[in-house]
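One structure is given below, encoded as structure tokens.
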Amino acid sequence: MNVSNERLAQIAQRFSELEARLASGTLEGDDFVKASRDYAELEPVAREAADVSAMRAELAELRDMLADPEMKAMAAEDIARIESDLPDAEARLAIALLPRDSADARPAMLEIRAGTGGDEAALFAADLFRMYERYAAEQGWKVETISMNASDIGGFKEVVANVSGTGVFAKLKFESGVHRVQRVPVTESGGRIHTSAATVAVLPEPDEVDVQIADNDIKIDIYRASGAGGQHVNTTDSAVRITHLPSGIVVTQQDERSQHKNKAKAMQVLRARLYEKMRDEAHGAEAEARKAMVGSGDRSERIRTYNFPQGRVTDHRIGLTLHKLPEILEGTGLGEMIDALIAEDQAARLAAQNEAA
């Protein structure tokens, strides 16, 4: 997609106007928040647009210099350099101009559940949770555990957490699906390699105003907590089960001693699941096109294999294999995989946009 010089000027003007408004000191409250959000979204676009504009202007000047015999050789050399660099700059601008997922800037609800494989699957679910915790720490994000159901040998049958920070959903949204592990379980005495799995779901977390839940649309059951959790377990009715009647979504929460805290956390999870349902219904075919390259994001789809004997991690959606399994599970190497998924998604959407044009 070749962006016109007129469009470049419009981007520069809009960005300049936003800078002036924010610097004026006259914006307050919601107006300041909106202007700041618009500025943050436009800044990377304006930066790429400015680079393209400067390169095109320099190229025009250099071509004028070709008429001067004394400057011709030097100008021709610089023209070749800019003509070589300009397509890459224009491609970066085209990617920056792609429509954004409105949820990209939101925090996310991370849900990990042990799948096939029994105790080994639960241990793998715990490995995945630690991987995301470490990756989040590297990104400067905050991870708050909402609920967890531990297994007897130290893994997780299920763990749900809120991940907050800048651009959380944009980076984690392609992690949804089935993650498979191939290794010798600690419970296996014969040294045989087993295959186990865990499912990951990443849901954008909405504001309360995004998802309105009427009191008569939910059924709340209070019951006695069970399982590991301290002296309050089996002594107080603090566990909460919320059923959203129109959708049939059920959320349970019992980790907190307080019934009110459990209800608040359950409502937080319910809003995230309803918001994702609303997004899927609203996007329809658009969502299918956007996710065509990297998968649907459905938790039933196998997306990645972690092979311990060979020390490799393979993402099956884009055919990428990295022989960096320890680094990826430590969180430090996960960014390379995530960045590759984002790049593939951008390339697919850009190709679809160019084809439509």
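The values are calculated or read from the model by the stated rules, or taken from the named source; none is laboratory data. The structure displayed is predicted, hence computed values, not measured ones. No Cβ is skipped: glycine too gets one built from the backbone with ideal geometry, and neighbour counts run over all protein chains shown. What goes into the accessible areas is simple: the full protein's heavy atoms, side chains included, and nothing from ligands, DNA or RNA. Shrake-Rupley method; radii C 1.70, N 1.55, O 1.52, S 1.80 Å.
Side notes on the structure shown:
- Residue count for region 13-46, restricted to those that are open to solvent by 60 Å² or more (accessible area, probe 1.4 Å), of a type outside the set (D, E, K, R) and in contact with a Leu (Cβ under 7 Å, 6 or more places away or on another chain): 1.
- Scan region 1-12 for residues that are part of a loop (DSSP other than H, G, I, E, B) and either open to solvent by 90 Å² or more (accessible area, probe 1.4 Å) or among the aromatic types (Phe, Trp, Tyr) (or both) and the total you get is 2.
- Residue count, region 156-184 (criterion: modelled with pLDDT under 90 and among the small types (Gly, Ala, Ser)): 1
- Of note, Thr145 does not satisfy the criterion of being β-branched (Val, Ile, Thr) and assigned to a loop (DSSP other than H, G, I, E, B).
- Any strands (runs of 3 or more DSSP E) falling wholly within region 251-357 and containing at least 1 residues that are modelled with pLDDT under 90: 302-307
- Flag if Glu58 is on the phi < 0 side of the Ramachandran plot, of a type outside the set (Lys, Arg) and assigned to a loop (DSSP other than H, G, I, E, B): no
- In region 30-49 there is no residue that is of a type in the set (Lys, Arg), touching a helix residue (DSSP H, G or I) at 6+ places or on another chain (Cβ under 7 Å) and part of a helix (DSSP H, G or I).
- Test: Val160 is more than 15 Å from the chain's Cα centre (by Cα), within 27 Å of Lys277 (Cα to Cα) and buried (at least 19 other Cβ atoms within 10 Å of the Cβ): yes
- Filter result (under 16 Å from His179 (Cβ atoms), surrounded by fewer than 18 Cβ atoms within 10 Å (Cβ to Cβ) and more than 16 Å from the chain's Cα centre (by Cα)) within region 298-313: Ser300, Glu301, Arg302, Phe308, Arg312
- Where a residue in region 126-143 is in contact (Cβ under 8 Å) with a residue 60 or more places away in the chain and its partner, wherever it lies, is hydroxyl-bearing (Ser, Thr, Tyr) and open to solvent by 30 Å² or more (accessible area, probe 1.4 Å), with Cβ under 7 Å and at least six apart: Glu138/Thr332
- Whichever residue in region 76-121 is out of contact with any helix residue (DSSP H, G or I) (no Cβ under 9 Å at 6 or more places or on another chain) and in contact (Cβ under 8 Å) with a residue 40 or more places away in the chain and, among such residues, is surrounded by the fewest Cβ atoms within 10 Å (Cβ to Cβ): Thr116
- Scanning region 163-181 for residues that are closer than 19 Å to Arg279 by Cα and either among the aromatic types (Phe, Trp, Tyr) or surrounded by fewer than 20 Cβ atoms within 10 Å (Cβ to Cβ) (or both) turns up Gly167, Phe169, Ala170, Phe174.
- Scope region 10-36; condition free of Cβ contacts under 8 Å to residues at least 24 places away in the same chain and either closer than 29 Å to Ala91 by Cβ or among the aromatic types (Phe, Trp, Tyr) (or both); matching residues: Gln10, Gln13, Ser16, Glu17, Glu19, Phe32, Ser36
- Residues of region 344-357 that are among the hydrophobic types (A, V, I, L, M, F, W, C) and open to solvent by less than 50 Å² (accessible area, probe 1.4 Å): Ala348, Leu350.
- Beta carbons closer than 9 Å, at least 6 apart along the sequence or on distinct chains, pair a first residue in region 246-267 that is under 17 Å from Asn216 (Cα atoms) with a second that is of a type in the set (Val, Ile, Thr) and open to solvent by 50 Å² or more (accessible area, probe 1.4 Å) for Lys263/Ile220; Lys263/Ile222; Ala266/Ile220; Ala266/Thr252.
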